[in-house]
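Please treat every number below as a calculation from the coordinates, not as lab data. Predicted, not measured: the structure shown is a model, and the values here were computed from it. For neighbour counting, all protein chains shown are included, and Cβ atoms are generated from backbone atoms with ideal geometry for every residue, glycine included.
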Amino acid sequence: MANLVIDIGNTFTKAAIFEQDELIYTDHYPALDNQILDSFLTRYAVDKAIISTVKKQSWEWETALKQKTQLIYFNAAMTTGIHNHYKTPHTLGLDRLAAVIGANHLYPKQNNLVIDGGTCITYDWIDAAGNYFGGSISPGLNMRYKALSHYTAGLPVVKQDVSFANNSGDDTETAIRSGVQNGIKFEISGFIESYKKDKTELNIILTGGDSIFFDTLLKNSIFAPYIKNEPHLVLKGLNAATQKHND
C-alpha cells in the first residue's frame, strides 16, 4: 500500500507517493484539483494520505480524499521520533517540523543540522537523542537580492550566478553578487562551525529550492564531507509521520 503526501505552500503544492520509505513519484503544481488527485488514486493503491498546509482553507478535492483514504492533517503535536522543546510549538512552521522529523528518520541517533534554502533560510538542529530545541531564520537568497533594490534608490535587481566565485566585485552588479552570495556562504559556514564546536560528528542536511546552489557554495569547504543533499526532506518527514500515525 502507498502513502500520498501533500505539502501545500504559499506558491506551489507538492505531492508525492511513497511505498514505505521509498519515494515513488513526486511533482509540484500551482494547485491540486480533482483530476490530478484522481490520477494518483487511479495509479497507486493509496492507503493513507497526509496534508500539511500553510493555508487556512478547504478544497473540493478533500472530500474525495476523505472517502477513499485515511486522511491525516499534519500538526504541531505530531512529533514522530523527536522530543520537541520549542517554547511555542504552535508557532513553529510545519515545514521546519517536518524537516527535522525527516532528518531524524533518515539519520537516527545522529546529530543533524538541517539547512533549508527557500524563501527564507532556516537552520534547525536535532541531536542524536532526538532533542529539538529550535533554530534560526534568515532572509533567503532571492529575498536578499530583491531587498537591496527595493530599499535603495540606485541599486539594480541582480540574479544569482552559481558560477560566481570571486571574493569581491569590480562593478555594482558583481559587488552585489559578492555581498549576497559570499554573505550566505559565510553565514552558513558560521552556523555550521558553531554547531560543530559542540558536536564534532554532525550531518549537514541541505534541502529546499536553493539546496543545490548552497551545495555548490560549500563544495570546496572543510564541511563538504559532512553534507547530505535531501531535496525532498520535508516530504520524507511527512511520510514518516504518516507511517507512525495510529501505529
Here D for region 40-179, in µm²/s, from Stokes-Einstein with a Kirkwood Rh over Cα pairs at 4 °C and 1.567 mPa s, works out to 70
Running a GNM on the chain with Cα contacts under 10 Å, which residue among ILE137, ILE222, ILE204 ends up with the highest mean-square fluctuation?
ILE222
What are the radius of gyration and Dmax of region 2-73, computed over its Cα atoms and given in Å?
11.2, 30
Under the Karplus relation with 6.51, -1.76 and 1.60 and θ = phi - 60°, whole-Hz ³J(HN,Hα) for region 188-197, x at Gly and Pro, equal 4, 4, x, 5, 4, 4, 4, 5, 6, 5
Among GLN110, GLN70, GLN35, which one shows the highest mean-square fluctuation when the chain is modelled as a Gaussian network with alpha-carbon springs under 10 Å?
GLN35
From phi via Karplus (6.51, -1.76, 1.60), per-residue ³J(HN,Hα) for region 21-34 in Hz, x at Gly/Pro:
8, 8, 7, 8, 7, 8, 7, 10, 9, x, 6, 7, 9, 4
Roughly what % antiparallel, to the nearest 5, for the DSSP beta bridges in region 83-236?
55
If each residue of separation counts as 0.36 nm, what is the full-extension length gain between LYS66 and TYR151 once their alpha-carbon separation is subtracted?
26.0 nm
Rounded to the nearest 0.05, FRET efficiency between TYR29 and GLN160 (Cβ-Cβ, R0 22 Å) equals 0.35
Distance in nm between THR174 and ASP198 label points, each 7 Å along Cα→Cβ, equals 4.1
Amide H contacts under 5 Å for THR53, restricted to residues at least 5 apart in sequence or on another chain and with H modeled in the peptide plane, are ILE8
So what is the diffusion coefficient of region 32-73 in µm² per second by Stokes-Einstein at 25 °C and 0.890 mPa s, using a Kirkwood Rh over Cα pairs?
227
Cross-link partners among lysines for LYS228, C-alpha distance below 23 Å, same-chain residues fewer than 8 apart left out?
LYS14, LYS109, LYS185, LYS196, LYS197, LYS199, LYS219, LYS236
